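**Q** Below: one structure in structure tokens.
The values are calculated or read from the model by the stated rules, or taken from the named source; none is laboratory data. Keep in mind that this is a model prediction, so the values were computed, not measured. Neighbour counts run over all protein chains shown; Cβ positions are idealised from the backbone, glycine included.
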Amino acid sequence: MEMDTQPRLQIRSLALLMESRFSLHPSLILAITGLFLGSCVSQNQTNDSLRLYALDCGRIDIDLEKFTQGNEYDGQKRIVVASAFLIRHPEGDLIWDAGLPDAFSEPEKLDTDVPDHMSVPTTMASQLEKLDLDPSDIEYFSVSHSHFDHLGNANLLADATFLVDKDERARMFRQ
């Protein structure tokens, strides 16, 4: 599968993503948006100064019935993409969410089994490489929330400054 390296902003997908993922942390969203978009108003910047890339960081086959208390989705399944987003900005690059672990792309090399309903056809590292980036080049990393399918490649971004809401951080590192 060939990756399209042209930046895209899919309004409908982004709106759905914001409804489903971002409703829990509006203050974090506003802070990140302000940090990366607010400074684009200066006179010397062009539209090319800011770029958004959607990265495909895995697939999960889900049973929709697990997401409702009723029975309207009984027997229905969907494949969802574990996305990550790269925001290229003159003051630093940010990755929002980190998908499933790249190691899932080669399950035969793991000491544990990858669940049958999860796969990683293209690694985050290889997608960044196509954009002439290494994970260590990323300055900032943030997550919408701390589920496994949003943190899978966090270890690749260990050199980045981690931007996280105080309450979400407390949930992530509780003992």
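**Q** Taking the condition hydroxyl-bearing (S, T, Y) and at pLDDT below 95, does T112 pass?
**A** yes
Table: residues versus (1) in contact with a strand residue (DSSP E or B) (Cβ under 7 Å, 6 or more places away or on another chain); (2) over 21 Å from H150 (Cα atoms); (3) exposed (fewer than 13 other Cβ atoms within 10 Å of the Cβ); (4) not charged (D, E, K, R).
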site	(1), (2), (3), (4)
R59	yes, no, no, no
I79	yes, no, yes, yes
A82	yes, no, no, yes
L86	yes, no, no, yes
L94	yes, no, no, yes
L100	yes, no, no, yes
A103	no, no, no, yes
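**Q** Turning to a different aspect of this structure: If the Cβ limit is 6 Å and pairs must be 6+ apart or interchain, which residue in the range 52-80 that is free of Cβ contacts under 8 Å to residues at least 40 places away in the same chain and more than 30 Å from M124 (Cα to Cα) pairs with which residue that is aliphatic (A, V, I, L, M) and in a helix (DSSP H, G or I)?
**A** Y73/L64
**Q** Next question. Can you pull out every residue in the range 132-142 that is out of contact with any strand residue (DSSP E or B) (no Cβ under 7 Å at 6 or more places or on another chain) and surrounded by 15 or more Cβ atoms within 10 Å (Cβ to Cβ)?
**A** Correct list: L133, P135.
**Q** Scan the range 149-175 for residues that are closer than 12 Å to L100 by Cα, of a type outside the set (G, A, S) and either surrounded by 13 or more Cβ atoms within 10 Å (Cβ to Cβ) or touching a residue at least 60 places away in the same chain (Cβ under 8 Å) (or both) and jot them down.
**A** D149, H150, L151, N153, L156
**Q** Here's something else I'd like to know. Only one of these conditions is not met by R8: (1) farther than 22 Å from E168 by Cβ; (2) modelled with pLDDT of 85 or more; (3) surrounded by 11 or more Cβ atoms within 10 Å (Cβ to Cβ); (4) touching a strand residue (DSSP E or B) at 6+ places or on another chain (Cβ under 7 Å). Which number is it?
**A** Failing condition for R8: (2).
**Q** Restricting attention to the range 107-129, which residues are over 21 Å from D63 (Cβ atoms) and either surrounded by fewer than 11 Cβ atoms within 10 Å (Cβ to Cβ) or acidic (D, E) (or both)?
**A** Of everything in the range 107-129, those that are over 21 Å from D63 (Cβ atoms) and either surrounded by fewer than 11 Cβ atoms within 10 Å (Cβ to Cβ) or acidic (D, E) (or both) turn out to be E108, K109, D111, T112, E129.
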